1. Is one or more of the residues making up the stretch 222-239 farther than 30 Å from Leu172 by Cα and more than 19 Å from the chain's Cα centre (by Cα)?
2. Exactly one of (1) surrounded by fewer than 18 Cβ atoms within 10 Å (Cβ to Cβ); (2) under 18 Å from the mean Cα position of the chain (by Cα) is unmet by Ser169. Its number?
3. Considering only the stretch 135-166, state which residues are more than 14 Å from the chain's Cα centre (by Cα) and of a type in the set (Lys, Arg).
4. Only one of (1) outside any loop (DSSP other than H, G, I, E, B); (2) charged (D, E, K, R); (3) modelled with pLDDT under 95 is not met by Glu209, so which one is it?
5. Filter the stretch 57-80 down to residues that are within 18 Å of the chain's Cα centre (by Cα) and over 19 Å from Cys119 (Cβ atoms), then give me how many there are.
6. So which residues in the stretch 62-99 are closer than 23 Å to Ser132 by Cβ and at pLDDT below 95?
7. With the checklist (1) in contact with a Pro (Cβ under 9 Å, 6 or more places away or on another chain); (2) assigned to a strand (DSSP E or B); (3) modelled with pLDDT under 95 in hand, flag the one item Gln173 doesn't pass.
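The values are calculated or read from the model by the stated rules, or taken from the named source; none is laboratory data. Quick caveat, the model's predicted, so the values are computed rather than measured. Here the Cβ positions follow ideal geometry from the backbone for every residue, glycine too, while neighbour counts run over all protein chains shown.
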Amino acid sequence: MHRLAVVAVFLVAVSAVAQNPPPTSDPQAISLAQQSVAALTGGVAVNDITLNGNAISTWGSDNESGTAMLEAKGTAESRVDLNLSGGTRSDVRNITSGVPAGAWNQDGGSATAYAQHNCWIDAAWFFPALSSLTQAANPNFIFKYIGQEQHGGVSVQHIRVFQIASYDSGTLQRLSTTNFYLDVNTNLPLAIGARVHADNDMNTDLSTEVRFANYQPVNGIQVPFRIQKLLNGVVVLDVTITTAAYNTGLPDSVFSLQ
C-alpha cells in the first residue's frame with residue numbers, strides 16, 4: 001500500500017505539471033528586448049555605470065533639493081546616494097548568501113536591511129542597460145509581449161519580464177514582475193513599472209514607475225539624462241543627470257553600507 005500511495009502521488013504531480021506547464025517567453029518580447037538593448041548600448045559591453053546629477057525629493061509636503069550619485073554594476077548591484085537640503089540618504093542593492101538583498105541608511109547612521117521580498121525587482125532601476133531587459137538568454141527570466149499601446153501619451157511596445165524557479169508557486173513571479181515601455185520609433189525604454197511592498201506586508205502592492213527622458217549618447221551608449229521615480233503615480237524623486245561614466249571598474253565594496 002505504501003508503494004501504491006507513492007506512485008499515486010507521483011502521478012498526480014505529473015498530471016499537475018502537464019496541466020500547468022511552466023511559462024515560456026514570447027519570441028516577439030525577446031526580439032523587442034534585444035532590439036532595445038542594442039539601441040541602448042550600440043553593441044558596447046556595459047559593466048558598470050556612474051551617474052551624477054541634481055535631485056529633487058518630494059514626500060508629501062516635504063520638498064528637498066540637492067545632488068545625487070547613482071551607481072550600478074551588473075544587474076544585481078546598485079547604489080543611490082542623495083545629498084539633500086534635509087540630510088543624506090544612501091540605498092544599496094547587492095547579493096547576500098546567493099539571493100538579492102539591500103539596505104539603506106539616513107545621515108550616515110546604522111544600515112537598515114530591505115525586506116527581502118522587495119529585492120526581486122531590478123537593482124539598477126535608473127539605468128535600463130543593466131536591467132532585466134538584458135536577460136533574454138537567461139532561462140530563469142520569462143519575457144511576455146503585452147502589445148502596442150499608449151503610455152504617458154506616447155506610443156510604446158509593452159513587454160513584461162518576470163523570474164521563475166522550480167520551487168516557486170508563483171510568489172517569485174509576482175514579486176519580480178517588471179513592465180517595460182519601449183518607444184515604438186527608437187526602441188529606447190521610456191518607462192519601467194513594478195510593484196513594491198511594505199516591509200511587513202508582501203501581499204499589498206504599491207505601484208512604482210521610473211520614467212526616462214532626454215537620452216543622450218555618451219561614448220557610444222544612450223544615457224537618460226532625466227530620471228523620475230514615481231510611487232502610486234506621484235513623483236517622489238526627480239534627477240537631472242550632469243555627468244555619466246561607464247566601465248570605470250567599480251568594486252563590489254561600493255555596494256554595501258557599513
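1. No, there is no match, as no residue in the stretch 222-239 is farther than 30 Å from Leu172 by Cα and more than 19 Å from the chain's Cα centre (by Cα).
2. (2)
3. Scanning the stretch 135-166 gives a single hit, Lys144.
4. With respect to (1) outside any loop (DSSP other than H, G, I, E, B); (2) charged (D, E, K, R); (3) modelled with pLDDT under 95, Glu209 is out only on (3).
5. Number of matching residues: 1.
6. Result: Ile95, Thr96, Ser97, Gly98, Val99.
7. With (1) in contact with a Pro (Cβ under 9 Å, 6 or more places away or on another chain); (2) assigned to a strand (DSSP E or B); (3) modelled with pLDDT under 95 applied to Gln173, the lone miss is (2).
One line per residue, one yes/no per condition, for (1) in contact (Cβ under 8 Å) with a residue 60 or more places away in the chain; (2) among the charged types (D, E, K, R); (3) assigned to a loop (DSSP other than H, G, I, E, B):
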| position | (1), (2), (3) |
| --- | --- |
| Phe143 | yes, no, no |
| Gln148 | no, no, no |
| His158 | no, no, no |
| Asp168 | no, yes, yes |
| Thr186 | yes, no, yes |
